[in-house]
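**Q** Please read through the structure below; I'll follow up with questions.
Just so it is clear, none of the values below were taken in a lab; they were calculated from the coordinates. Bear in mind that the values here come from a model prediction, so they are computed numbers and not experimental data. Because the Cβ atoms are built from the backbone with ideal geometry, glycine has one as well, and the counts that use them run over all protein chains shown.
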Amino acid sequence: MLFVLKRIGVSVLLVWVVATIVFLAIRMVPGDPATILLSQGGVAPDPAAVAQLRIQLGLNQPLGMQYVADMHRLLVGDLGQSLQDQTPVAGEILRRLPRTLELIGAAAVLAVLLGLPAGLLAAIRRGGAFDRIASWLAAVALAVPIFVVGTLMVAIFAQGLHWAPAGGYVSFARHPLRHLELLAMPAATIAIGLAAILFRMTRAAVLDVSMRDYIRTARAKGVAPRRILARHVLRNALMPIVTVLALNLGSLLGGTVLVEYVFNWPGLSGLLVDAVNARDYPEVQGVVLVISVLFVALNLVVDLLYALLDPRVRHG
Amino acid sequence: MQRLRPGPVVAVGTIAFLALLVPLFGLDNPLHMDIAHRLAQPTLAHPLGQDAYGRDVLARLLWGARVSLAVASSSSALACLVGTALGLAGGFLRGPVEFLALRGMDVVLCFPPLLLALLVVTLLGPGAPTLIPLLAVLYLPGFVRVVYAGVLSVRTQDYVEAMRSLGAGRLRIMLGTILPNVGGPVLVQFSIAAASAVVLESGLSFLGLGVVPPAPSWGLMIGEARATMMQAPLLLLWPCLALSVTILALNALCDALRDAVDPHGITRRRRHGGLLDRLAPGLLPAPGAALELAGLTIAIDTPSGPIHPVRDVSLRVMPHETLALVGESGSGKSLTGLATMGLLPPIARVAGGAAWIEGRDVLRLDEAALRRLRGATVAMIFQDPLSSLNPVQRIATQIGEAVQAHARSPAKATWRRAVELLRHVGIPDPERRAHNFPHEMSGGMRQRAMIAMAIANQPRLLIADEPTTALDVTIQAQVLELLAALRRESGMALIFITHSLPVVAEIADRVAVMYAGEIVEQGRVAEVFARPLHPYTAALLASVPREDGSLAEAIPGTVPPPYALPPGCAFAPRCRFARADCSSGTLALTEVMAERLTRCRRWSDLA
Ligand code: SF4
């Protein structure tokens, strides 16, 4: 229990640090942030607009006051208003977040289904044909950037073969089949890279655990190989695999930006790219905060999961 | 450092070379537009055709390499410099510097990389001047951690302390001692940073937030080619290919560097050879022996031919008997035990000889038959009970597994049997202890649990590999007593592998002394200890710490490794009695008196 509380405490602290950095980032930029945000292509912005933006961002108040006000707003879930259309940022994020999570979730399931058994098989038949082919494929999959995979998928499966739509989104409620059809390609795009990582990790973890003394003990007891694999090797190999999966899901939270962009998937990331292009700082700040909090939360979940899997951690 | 695989180095070198030399190729200006020939097919002047603005694709591709690699290498170099400095400072100066350096890196790692990049681009606008420091910050944590860890491991080593006490300046110590030691890992980190910088730069450029158009960049080219992918699919293909091949090469370089820096050398493993039967001596085992080894030889294949860490080991253990296998580490005694169980590590193989357990040659049994034997007829306990027990299984489950491996047994009964076995090996409150995980038990308790596991099926032969080495003296005595008691009541044979002569005196009936992979002397413990017939045994006895406190004589020199055995008698270089003729020919283990065997030419001069 103490362990859980400690981990939660650390996570809360991290979230606070992230919020503070995001707060400071805009204020540490040399020059007046309002002027910077409004300058487009080197044209000096309208002074009236700058003055108004300063008021909206609260830049006219002392730094300490700004900070307290900012943190207070965050605590009640207010992420400010978009500079583009003055709508609340939090509402827009809430509308788009589930779509991003759905994409990541689907990709993770696909990747686990593909990468885990493949890694296991490769480790068992180490040095065999399957191992060599799969390892090679994984190396290639890791070398092709995610947006290249996505773009090529669109070029081949949508434009070339007309198997799937090039991109877009309909809600599941309105059109379930179409929804899944549109989900397939972006999810597969993310899954390919993730599956490659999982494959490598599973293979390495299984090989590593197989060398351990307690596996030798199990063999010395005369335990059947299949049972050794299921009860001793897999169980212990699962821990590093879970860690890697979770850490990569975290960076996927960032990496989906590219995939959502390629497939026109209206998730969080599309919002982010638009906001960056429009230099809509409150919106960027909101999205970055939310994703970072998710990232930290994910790490927390991993740590707790780890404790569940490994009795040693609970006492450490 | 191991040898670096040349393939990836050549690949990355070629790409870098091309990028560096682009200006000399006399290609078109990559920015020169020619709208009249937009999307033109390849011609002699434009081997890969022209893009949507009529620009030469080949030129843009090669110049794009330049941009990608320039951004990647300069940001990695920056991260490397700053990160190394921070890691050194944190590791060596400690205190607040250490705290700031490490926690600062944790904060950087709080943000998914692409997000942090987007945040910064919003504020500072796109372009290389933003990109390079930004990427540098993202890859900083890797360098700081690697260098910091390197400093920590080196800092505790004696020679840094020694240099410090000699008064060498702090800075000089830092740079002179530590940098060469962390050089390898830093290089690996550099290649990782460069590879992911290429990925991130291209991704940002693809979104239009990295390199600013019209400068050529692979990410930008892919982004632009998307609009015309139906008319000109090749425009999409070329930059995708260039980017992926570059990353593939960089990744391969990372792996190669990591392998080269990794201190654990990779030895090739080979399958069991069919030579076995040819080399087996055509003898039959003595009737009634629990174990008989005849000419057991173990080989490890290395790139420069096989080495033999165990050679021609022959011994016999009868029921009710305890045989001690004694030797320094590296004498081959543990490998001998493992071979008897068919549990040799993958790099080692049996190259000859036979091992009969109750009349069956275990070296010729298949894995399924071996499995039925292991844990039932013959069992083994290992030196380190903590690493030898599964950390995530309850102790009774692990003991029960030994029972269930050889007989059908319902879960409840198995658990009860495990508890009973725990009680049998003297663990107090076994009902409660049964639920413990290994890390919740003391060292002595863990070893008792291991023993419970080994005797679960009343084996005829128990092999104990240094079972008391990891324990303190009191616990050691208790475990020895337990083993002796178990042997007495069950009549099993016991092979006790140890390096400690006092332990031998306490537990064993007979002793076989091993040196550099061979048995050099064998006989009854009392007789061998009273009158050793081999100089090595005599030297070992003389090196045991005396109870009266007088100084023991250490044996000069070290055991020769199996790849550098001296000719003739392996002990000759360290032997007080060595003569010229000791270092030639082969020496056999000979029975020179009743039940006394020795492998020495001058045994009769020893007394
Ligand atoms: S054979 Fe010679 S060198 Fe070897 S132990 Fe005997 S006396 Fe020493």
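**Q** Compute the FRET efficiency between A:E181 and B:L541 as 1/(1 + (r/R0)^6), taking r as their Cβ-Cβ distance and R0 = 56 Å, and round to the nearest 0.05.
**A** Computed FRET efficiency for A:E181 and B:L541 comes out at 0.10.
**Q** I want the antiparallel fraction of DSSP beta bridges within segment B:291-508, as a percent rounded to 5.
**A** 55 percent
**Q** For the protein assembly as shown, just the Cα atoms, rotate onto the principal axes and tell me the three extents in Å, largest first.
**A** Sorted from largest, the Cα extents of the protein assembly as shown read 109, 67, 65 Å.
**Q** Pop the C-beta distance of A:R174 and B:L241 into the FRET formula with R0 = 45 Å and round what comes out to the nearest 0.05.
**A** 0.70
**Q** Could you tell me how many degrees, from 0 to 90 and to the nearest 10, lie between the Cα long axis of helix A:176-210 and the main elongation axis, the longest principal axis, of the Cα atoms of chain A?
**A** 50 degrees
**Q** Taking every DSSP beta bridge with both residues inside the protein assembly as shown, roughly what % is antiparallel (nearest 5)?
**A** 65 percent
**Q** Another question about this same structure. Assuming a ≥ b ≥ c are the square roots of the Cα gyration tensor eigenvalues, decide whether segment B:63-147 counts as rounded (a/c under 1.5), prolate (otherwise, with a/b larger than b/c) or oblate.
**A** Because a/c hits 1.5 or more and a/b fails to exceed b/c, segment B:63-147 counts as oblate.
**Q** Calculate, in nm to one decimal, what B:R360 and B:A526 gain on full extension: separation in residues at 0.36 nm each, minus their alpha carbon distance.
**A** Gain on extension, B:R360 to B:A526, equals 56.6 nm.
**Q** What is the mean number of Cβ atoms from other protein chains located within 10 Å of the Cβ atom of each residue in peptide B:118-130, rounded to a whole number?
**A** Average per residue, whole number: 5.
**Q** Under a straight-distance cross-link criterion of Cα-Cα below 18 Å, which lysines are reachable from B:K333, leaving out those fewer than 8 residues away in the same chain?
**A** Output for B:K333: empty list, no partners.
**Q** With r as the distance between the Cβ atoms of B:Y563 and B:S604 and R0 = 35 Å, compute the FRET efficiency 1/(1 + (r/R0)^6) and round to 0.05.
**A** 0.60
**Q** Compute the helix-to-body angle for A:47-57: its Cα long axis versus the longest principal axis of chain A, expressed 0 to 90° and rounded to tens.
**A** With both axes taken from Cα atoms, the answer is about 50 degrees.
**Q** For chain A, take the longest principal axis of its alpha carbons; what is the angle in degrees between that and the long axis of helix A:129-143, to the nearest 10 within 0 to 90?
**A** Tilt of helix A:129-143: around 10 degrees.
**Q** I've got another one for you. If you put +1 on each Lys and Arg Cβ and -1 on each Asp and Glu Cβ, how big is the dipole of the protein assembly as shown around its Cα centre, in Debye rounded to 20?
**A** 1800 debye
**Q** Return the percentage of antiparallel bridges among DSSP beta bridges fully within segment B:407-534, rounded to the nearest 5 %.
**A** 55 percent
**Q** Subtract the Cα-Cα distance of B:L21 and B:L152 from 0.36 nm times their separation in residues, and report this length gain in nm to one decimal. Mind showing how you got there, number by number?
**A** Values: separation 131, 0.36 × 131 = 47.16 nm, distance 4.21 nm.
Gain on extension, B:L21 to B:L152, equals 43.0 nm.
**Q** Still on this model: According to the square roots a ≥ b ≥ c of the eigenvalues of the Cα gyration tensor, what is the shape class of segment B:367-410, taking rounded for a/c under 1.5, prolate for a/b larger than b/c otherwise, and oblate for the remainder?
**A** Here segment B:367-410 falls in the oblate category.
**Q** For B:K412, go through the lysines and keep the ones whose alpha-carbon is under 23 Å away, minus same-chain ones fewer than eight residues off.
**A** Leaving aside lysines fewer than 8 places away in the same chain, those within reach of B:K412 are A:K221.
**Q** Moving on to the next point. Quick check on segment B:291-508: take the gyration tensor over C-alpha atoms, sort the square-rooted eigenvalues as a ≥ b ≥ c, and tell me if it's rounded (a/c under 1.5), prolate or oblate. Before the final figure, lay out each step's value.
**A** Working: a/c = 1.69, a/b = 1.46, b/c = 1.16.
Because a/c hits 1.5 or more and a/b exceeds b/c, segment B:291-508 counts as prolate.
**Q** Let me ask another. Can you pull the one-decimal nm distance between simple spin-label points at A:W163 and A:A224, each 7 Å off the Cα toward Cβ?
**A** Those two pseudo-labels are separated by 3.9 nm.
**Q** Now for a different question. Starting from the Cα of A:K6, draw a straight line to each of the aspartates and glutamates and keep only those under 15 Å, dropping any in the same chain fewer than 8 residues away.
**A** Output for A:K6: A:D303.
**Q** Give me the one-decimal nm value for the distance between modelled label points at B:A554 and B:V9, 7 Å along each residue's Cα-to-Cβ direction.
**A** The answer from the label model is 4.0 nm.
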